[in-house]
Amino acid sequence: MRARAAIATRRDAAGRTVLATMRSGPPLTLRATAPGRVHLVSTAAGPLGGDDLALDIEVAPGTELEVRSVASTLVLPGPAGAESLMTITARVGAGASLSFAPEPTVLAAGCLHRMVVRLDLAEDARVHWREEIVFGRYGERPGRCHSRFDAVLGGVPLLRQEFVVGDAEIDGSPAVYGDARCVGSVLVTGRAPEAVVGQGWAVLPLAGPATLVSALGRDAVELRRRLGHGEEAGTGRR
Amino acid sequence: MNAALLLLADSRLPAGGHGHSGGAEEAVRIGAIRDLAGLAAFLRGRLATAGLVTAALAAAACRLGVSPPAAADVSEWTRLDAEADARISSPAQREASRTQGRLLLRTSRRIWPSPVLDTLAGALSQGAHHPLALGAVAAVAGCSPAEAALAAAYTSVTGPATAAVRLLGLDPVAVHRVLADLAPAMEKVAATVPTGWEALPAHASPALDLLAEHHIRADMRLFVS
């Protein structure tokens, strides 16, 4: 299945954010749930191996957008071991704000998944971007996943980060995930004054003007709690 | 194969590399590495993530180091350094990388004097990231980008391995057996051919980030990182 969905905002005459484009591409179905807020509603199982799904987000200068999802994404194997692909591109304009915080991506046994995120930020754009990957359902060995996240701010690389799951060299290594079964991070613009570290989480001021909250967890609940601790410690909010 | 590569990868090169454990000291302290098997798993994961990234950056730096001076100017070194910065989330690890890069460059400018190294040192007053320094020095010493990558991959695991021998009292022969078993993986990591700087590998190792940030706050430390 190949699907393309798109969201774009526009500033109206009164300076309020209006959703100028809301194009669902089933199974990526979009619902406006509040002014400036869109929920992703999955209207089919998956992604399944062989699916090629893409979401394009354009946050116009001076507008604000929140993207959420109603449920976690369960990545399943497809026929003949084909790879599933989820591509998200987002551009956030000058003075604009994007909060992208969907529910976790869960890698079911046997899946082969690729996630690509490209985030292009204007110099004074604000962003809050959460990514959570869960290594299989309860008690399940995960399939394989390769995610790549590239954030560029004002044309300068801000964060480039890849996660590989389901690789024998990486899984279970105390250098990468240890005994965790979930990995997650939150990228927030604005640099925390200093690094803060707790049990399984860290607030990491990046070299550029942003902060990465990074966490590992044994399950999705613990991961979310740890990311929350980090957000609280690093930005004073959650 | 270049004899200079051996000098560059040798732990006896007086560039301060022996002072860094690459997260191994903290991993030993919290019990994440307790024995040879734990060390092997640590090194495999480190090589496949941080090692891969550092090897790719070293290769890119080496390629830049052999290009004509007009193409390898201050702005290009700064741009490659920003690519390294974007791949190291942990401030403690960025600091460790710059400290090692600064020392390697200082030492190497006396061993292999070259305008390339002068340009790099001048471009990054806070210290070049270690893989950039390593790649540039490799270029000046006559090594190929693939050799620079191999030296980076090699040092990404040999430093932590040696540290673990000291910290846990492991049998050094058994630890070298682990390293020998990793040799094919080192070559695979060094063979990754990047297309452009943006697309260079960026494999994260969240546990190493946590270890580095805990380590820098620890009271008793034998190693800098």
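Details
- HN-Hα J in Hz across segment B:126-136 - Karplus 6.51, -1.76, 1.60, θ = phi - 60°, x for Gly and Pro: 7, x, 6, 4, 3, x, 5, 4, 4, x, 5
- Mean-square fluctuations from a GNM of chain B, with a 10 angstrom spring cutoff on Cα atoms, peak among B:Ala58, B:Ala86, B:Ala153 at B:Ala86.
- Calculated FRET value between A:Ala20 and B:Lys188, using beta carbons and R₀ = 51 Å, to 0.05: 0.60
- Interface burial for A against B (accessible surface, 1.4 Å probe, total of both chains, Å², rounded to 100): 2600
- A cut-off of 5 Å between modelled amide H atoms, ignoring neighbours fewer than 5 places along the same chain, links A:Arg37 with A:Glu66.
- Gyration tensor verdict on segment B:60-134 (Cα atoms; rounded if a/c is under 1.5, prolate if a/b is larger than b/c, oblate otherwise): oblate
- Surrounding net charge for A:Thr105, when Lys and Arg each add one and Asp and Glu each subtract one, Cβ distance under 10 Å: -3
- Descending semi-axes in whole angstrom, ellipsoid equivalent of the protein assembly as shown, from the Cα gyration tensor: 38, 26, 20
- Note that segment B:205-222 has calculated 3J(HN,Hα) couplings of 10, x, 5, 5, 4, 5, 4, 5, 6, 5, 4, 5, 9, 6, 6, 10, 9, 8 Hz, one per residue in order, obtained from phi through the Karplus relation 6.51 cos²θ - 1.76 cosθ + 1.60 (θ = phi - 60°); glycine and proline are x.
- Dipole of segment B:15-215, positive direction: furthest Cα of B:Leu120, B:Val175, B:Gly45, with charges on the beta-carbon: B:Val175
- Ranking A:Val203, B:Leu6, A:Gly15 by how far each Cα lies toward the positive end of the dipole of the protein assembly as shown (charges on Cβ) leaves A:Gly15 at the top.
- Counted charge near B:Leu43, where neighbours are those whose Cβ lies closer than 11 Å (Asp, Glu -1; Lys, Arg +1): 0
- Using only side-chain charges placed at the Cβ, +1 for Lys and Arg and -1 for Asp and Glu, the dipole size of the protein assembly as shown relative to its Cα centre rounds to 420 debye.
- When the Gaussian network model of chain A links Cα atoms closer than 10 Å, the mean-square fluctuations of A:Ala168, A:Ala202, A:Ala82 top out at A:Ala168.
- Cα centroid separation, segment A:122-176 to segment B:59-130 (Å): 27
- Cα-based radius of gyration for segment B:117-225, normalised by 2.2 N^0.38 Å, reads 1.25.
- Look at the Cα gyration tensor of segment A:54-144: its axes a ≥ b ≥ c give a/c of at least 1.5 with a/b over b/c, and that counts as prolate.
- Note on chain A: along the principal axes its Cα atoms extend 54, 44, 29 Å, ordered by decreasing extent.
The values are calculated or read from the model by the stated rules, or taken from the named source; none is laboratory data. Keep in mind it's a predicted model, so treat the numbers as computed, not measured. Here Cβ is always computed from backbone atoms with ideal geometry, including for glycine, and neighbour counts include all displayed protein chains. Only protein heavy atoms, including side chains, enter the accessible area calculation; ligands, DNA and RNA are left aside. Shrake-Rupley method; radii C 1.70, N 1.55, O 1.52, S 1.80 Å.
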